Amino acid sequence: MKIGTFKLDEKTNEITGSIYTRALHLPFIILRAVELRADEMQSDRAPVFEIFEPSPAGVDIQIGAVWHRKMRNSEDTFLSGMIDDPSFAEPLPIALFGDELKGFDVQWRREREQQPAYRNGMGGNAGGYAQRRGSQQQSSGGFRGGSTAGANGEYTGGMTRSLDDEVPF
């Protein structure tokens, strides 16, 4: 899901942009390239950009950083990182697609819980798996003969697909 953009501001020669969600409004944020000191070597662990937001007092506060990442199924790269602040309940994971000259689109997706691919080393699970808890067997869904409805009628499992499944980060 696209939640923002960054573009090169030719007046200031900085990459600036905004991020908006229903609850988060960051109307002016800045991407600054990380400059290493002369005694530091470039590291794969070093961020490419740090993310800053001006405070009401005019001081730029660092609220995140992004690193280069490779896409799962190709050699293409994108930027991936987090925006965080002590006032946030939890960090906001983001991915940036594009480049410094054409601009970046800021994408977000909710992390999904990883499901085991195999049960007892054997496949053919149709997307579900079962666990024993006490004397009850809990199923995550799939077509194993059990129900995906809980005791109160709520949905309790099964693998669902959404439009976000195709995002490569």
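If you go through segment 54-68 and keep only what is surrounded by 13 or more Cβ atoms within 10 Å (Cβ to Cβ) and hydrophobic (A, V, I, L, M, F, W, C), you end up with 63, 65, 66, 67. Residue pairs whose Cβ atoms lie under 7 Å apart, separated by 6 or more positions or on different chains, with the first residue in segment 1-18 and under 15 Å from residue 53 (Cα atoms) and the second assigned to a loop (DSSP other than H, G, I, E, B), are 15/100.
For (1) modelled with pLDDT under 95; (2) touching a Leu at 6+ places or on another chain (Cβ under 6 Å); (3) closer than 16 Å to residue 18 by Cβ, each residue gets a yes or a no:
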residue: 59; (1), (2), (3): no, no, no
residue: 63; (1), (2), (3): no, no, yes
residue: 69; (1), (2), (3): yes, no, no
residue: 72; (1), (2), (3): yes, no, no
residue: 77; (1), (2), (3): yes, no, no
residue: 90; (1), (2), (3): yes, no, no
residue: 96; (1), (2), (3): no, yes, yes
residue: 107; (1), (2), (3): no, no, yes
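Please indicate, with yes or no, whether at least one residue in segment 80-91 is in contact with a strand residue (DSSP E or B) (Cβ under 8 Å, 6 or more places away or on another chain), loosely packed, with under 15 Cβ neighbours inside 10 Å and touching a residue at least 60 places away in the same chain (Cβ under 8 Å). No, segment 80-91 has no match at all. So is residue 71 in contact with a Gly (Cβ under 6 Å, 6 or more places away or on another chain) and either closer than 18 Å to residue 111 by Cα or surrounded by fewer than 16 Cβ atoms within 10 Å (Cβ to Cβ) (or both) or not? For residue 71, the condition - in contact with a Gly (Cβ under 6 Å, 6 or more places away or on another chain) and either closer than 18 Å to residue 111 by Cα or surrounded by fewer than 16 Cβ atoms within 10 Å (Cβ to Cβ) (or both) - is not met.
The values are calculated or read from the model by the stated rules, or taken from the named source; none is laboratory data. The structure displayed is predicted, hence computed values, not measured ones. Please note: Cβ atoms are built from the backbone with ideal geometry, for glycine as well, and neighbour counts cover all protein chains shown.
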